[in-house]
Amino acid sequence: MAKEELQIGVSRPALPLDDLPTPEEVFHAPVLDWKNVIKYVLGPSMIALGVSIGSGEWLLGPLAFAKYGFMGIGWLITISAILQTIYNIEVARFTVATGEVPSVAFMRLPPGKALWVPLTLLIIYLGWIWGGWASSAGQSLYALLAGQPANMKDPTQLETVRIIGIGLMILSFVMYMFGKKIERTLEVFNTFAVWFVLGFVVVMAIAVVPLTKWGTALASAVIPAPIPQGMDITLLGAIIGYTGFGAGFNFMLINYYRDKGYGMGHRVGFISGLIGGEKSEVKTSGVTFRENEKNAQLWNRWWRFLQLDQWGVFFIGALLGMFIPSLLVAHLATSPGAAEATTANMPVYAATELGRLYGSWLFYLTLAVGAFTLFKTQATILEMLIRNTADSAYSMFPQLHEWTGGDVRKFYYPVALAFIIIIGIIIHLALPTELLKISANMANFAAIIFPAAMIYLNSKLPKPAKAPWWSTVALVINILFFGFFFINFLSVFLTGNPLVKF
């Protein structure tokens, strides 16, 4: 009897066929009513929001809106959030159907893994290895401890900020050591963090921002208007790329659907913590499902949960996370005696202005919230770098599987330490916010490449999971939209002049 399997792409093993697990089997819940869906099923998007409500929403978005206002920018944020949500769903389509995370799935693209593994990791590193979140969190924490913002032109104070940032990365490493699944540890941490940070910002915005400005922000989100004249192209591309999470880099988030156990991810395994976790073998290749009526019905259930997690959590959170902190900072920037919002002072700007206007207690509280916001972002991004490197290497080199005895943790944690050392060196290259602007525009570059990869991969899936025609159209729009902002940024970076001026 011939072995049941499906070959997708090149240079990777064929996918064995199995049956989709039921959601009840995966989440150990006899009934998945709304309460249990929220408790057990939703969650990966909270990790995404934990990252996104950080650099873009706490620093770059507020900087842009404070300098240029909402009209002409807000509607682009809405488009970015819609396109990113569709892209996330289409990337997750392949992982839920096969259990293969994107950085592994890309090896199936012609001409094969010899090109796609180094290329994917290189692009990931160009986007996320700059460490701007750690140094920005260090800047906030320095001000909290010293009672005043650091002078970023003073070499001693600047170095102290960077050392604090490195210390926060080490603290992140300690967090990864706990829990049955690292995915679950990050999910719980980011769920608390998102509610805490958003709750603080919403309360502050309601308390100090006039209703007329709320109306302007809301209108800007849905009314197309010309981009403000003289808009900084690099900054515009940065907030477009960092709305939600990171445009084309959003595929890095999808690994958590595998570890959560969505669909065939349940058949592939997960990365567990050192403390509280047990050895869990992560298969070096995926598994897909047989085409029959039972699996088609199960696929539809998993697909609905994925849609709910993305549209109900990620999309709404992305818009709230970008607009509300920006609304608060934009209002503070127009108050009498306010300092000018700049790349140098953004990590502590909201705290400084709130403290000046309403008392020193709010200065310290806002600094604490800001430091925590940026810390959680760096903590999750660092884990994504480690995870994608480990998953790619584990699938690229079978001998690693033998060397670790099937325990991916033996490779994962040394890689984590290596990244902390490397990023600790890199954060000495530029000011925190400048590093983040570079990283954000690299997210737009990734959006030129990886949506095209998903068009190919999703066309090869079993029929119930195969992407419809409109998916291809939406992914092409992703390429065109984010690609425009990257090319404009690249022109400024190389020549000093944008291709399109505003």
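The values are calculated or read from the model by the stated rules, or taken from the named source; none is laboratory data. In this text the structure is predicted, and so the values were computed from the model without any measurement. Counting neighbours? That spans all protein chains shown, and the Cβs are built from the backbone with ideal geometry, glycine included.
Couple of notes before you dig in:
- Matching helices (runs of 4 or more DSSP H) fully within region 199-299 where at least 2 residues are modelled with pLDDT of 90 or more and more than 22 Å from the chain's Cα centre (by Cα): 211-222
- Region 153-169, subset within 21 Å of residue 372 (Cβ to Cβ) and of a type in the set (A, V, I, L, M, F, W, C), residue surrounded by the fewest Cβ atoms within 10 Å (Cβ to Cβ): 163
- Look at region 396-421: where a residue is modelled with pLDDT of 85 or more and a partner is of a type in the set (S, T, N, Q), sitting 6+ places away or on another chain with Cβ atoms under 7 Å, you get 409/272; 410/404; 411/404; 415/389.
- Hits in region 201-212 (condition: farther than 22 Å from residue 373 by Cβ and either surrounded by 12 or more Cβ atoms within 10 Å (Cβ to Cβ) or β-branched (Val, Ile, Thr) (or both)): 212
- Residue check for residue 23: over 27 Å from residue 315 (Cβ atoms), in contact (Cβ under 8 Å) with a residue 60 or more places away in the chain and of a type outside the set (Gly, Ala, Ser): no
- Here the helices (runs of 4 or more DSSP H) wholly within region 390-502 that include at least 2 residues being of a type in the set (S, T, N, Q) are 432-458, 469-495.
- Residues of region 3-27 satisfying the condition of being surrounded by 18 or more Cβ atoms within 10 Å (Cβ to Cβ) and among the β-branched types (Val, Ile, Thr): 8, 26
- Some residue of region 282-300 being of a type in the set (Asp, Glu), surrounded by 21 or more Cβ atoms within 10 Å (Cβ to Cβ) and closer than 30 Å to residue 25 by Cβ: no
- Pair list, Cβ < 8 Å and 6+ apart or interchain, from region 315-338 residues that are assigned to a loop (DSSP other than H, G, I, E, B) to residues that are crowded, with 19+ Cβ neighbours inside 10 Å: 335/353; 338/332; 338/353
- Residue 124 more than 30 Å from residue 20 (Cα to Cα) and more than 17 Å from the chain's Cα centre (by Cα): no
- On the stretch given as region 278-298, residues that are touching a strand residue (DSSP E or B) at 6+ places or on another chain (Cβ under 7 Å) and over 30 Å from residue 412 (Cβ atoms) total 2.
- Looking across 210, 111, one residue alone is in contact with a His (Cβ under 8 Å, 6 or more places away or on another chain) and in contact (Cβ under 8 Å) with a residue 60 or more places away in the chain. It is 210.
- Residue among 64, 134, 81 that alone is at pLDDT 90 or above and buried (at least 21 other Cβ atoms within 10 Å of the Cβ): 81
- Close Cβ contacts (under 6 Å, 6 or more residues apart or on different chains) running from residues in region 231-250 that are hydrophobic (A, V, I, L, M, F, W, C) to residues that are part of a loop (DSSP other than H, G, I, E, B) comprise 231/502; 233/498.
- When region 1-27 is filtered for residues that are among the acidic types (Asp, Glu), part of a loop (DSSP other than H, G, I, E, B) and touching a Leu at 6+ places or on another chain (Cβ under 7 Å), only 4 remains.
- Some residue of region 28-49 being part of a helix (DSSP H, G or I), surrounded by 24 or more Cβ atoms within 10 Å (Cβ to Cβ), modelled with pLDDT under 90 and small (Gly, Ala, Ser): yes
- Qualifying residue in region 344-360 (condition: surrounded by fewer than 24 Cβ atoms within 10 Å (Cβ to Cβ), in contact (Cβ under 8 Å) with a residue 40 or more places away in the chain and part of a loop (DSSP other than H, G, I, E, B)): yes
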